[in-house]
1. Quick one: would you say GLY70 is under 18 Å from ARG23 (Cα atoms), in a strand (DSSP E or B) and not acidic (Asp, Glu)?
2. Take the conditions touching an Asp or Glu at 6+ places or on another chain (Cβ under 8 Å) and either open to solvent by 30 Å² or more (accessible area, probe 1.4 Å) or not acidic (Asp, Glu) (or both) and apply them to GLY33. Does it pass?
3. For ARG66, work out the one condition from (1) within 14 Å of LEU120 (Cα to Cα); (2) open to solvent by less than 70 Å² (accessible area, probe 1.4 Å) it doesn't fulfil.
4. Any chance segment 97-117 includes a residue that's in a loop (DSSP other than H, G, I, E, B) and at pLDDT 95 or above?
Amino acid sequence: MPRIKSDAGIKRDLWKALSEYIRKRDRRCVTCGAVMNWKELDCGHYLPNTERSKTMGGNLLWWDERNFGGQCTKCNRFNHGEQAKFAELLEAKFGHGILQELRDALRIPKKWKREECIKLIEVYR
């Protein structure tokens, strides 16, 4: 009998798929412009999601690809995501109001269904 994957396992798989998708999509650091192999990039967040539970609870922002961008280690880890530059990029790419939309999504609770997450894994792979 096949083992059913836990919610935490599905979340890990979805994060891996989304992270790879974002890094391949951008292929350069969105904040400083450094061109590099997608495997060398981090998947940076404009607004970090610090929810660490193993359940599917959370908020609307969890898997919103507008909140993510490929970033070099220097920008993402050492310069704390270069938030001001990231914000400028988001406004240029998605228009005025995107920053508030993302902030609002962070505050809206969302219980993600397993099926939703599994579908998103398929989309990002």
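The values are calculated or read from the model by the stated rules, or taken from the named source; none is laboratory data. Note that the structure is predicted; figures quoted are calculated from it, not measured. Cβ coordinates were reconstructed from backbone atoms using ideal geometry, including for glycine residues, and neighbour counts include every protein chain displayed. All accessible areas refer to the heavy atoms of the entire protein, side chains included, with ligands and DNA or RNA removed. Shrake-Rupley method; radii C 1.70, N 1.55, O 1.52, S 1.80 Å.
1. For GLY70, the condition - under 18 Å from ARG23 (Cα atoms), in a strand (DSSP E or B) and not acidic (Asp, Glu) - is met.
2. no
3. Looking at each condition in turn, ARG66 falls short on (1).
4. Scanning segment 97-117, I find at least one residue that is in a loop (DSSP other than H, G, I, E, B) and at pLDDT 95 or above, so the answer is yes.
A quick yes/no check of all residues on (1) touching an Asp or Glu at 6+ places or on another chain (Cβ under 7 Å); (2) open to solvent by less than 30 Å² (accessible area, probe 1.4 Å); (3) among the β-branched types (Val, Ile, Thr):
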{"site": "LYS74", "(1), (2), (3)": "no, no, no"}
{"site": "GLY81", "(1), (2), (3)": "no, yes, no"}
{"site": "GLU88", "(1), (2), (3)": "no, no, no"}
{"site": "ILE98", "(1), (2), (3)": "yes, yes, yes"}
{"site": "LEU106", "(1), (2), (3)": "no, no, no"}
{"site": "LYS113", "(1), (2), (3)": "no, no, no"}
{"site": "ILE118", "(1), (2), (3)": "no, no, yes"}
{"site": "VAL123", "(1), (2), (3)": "no, no, yes"}
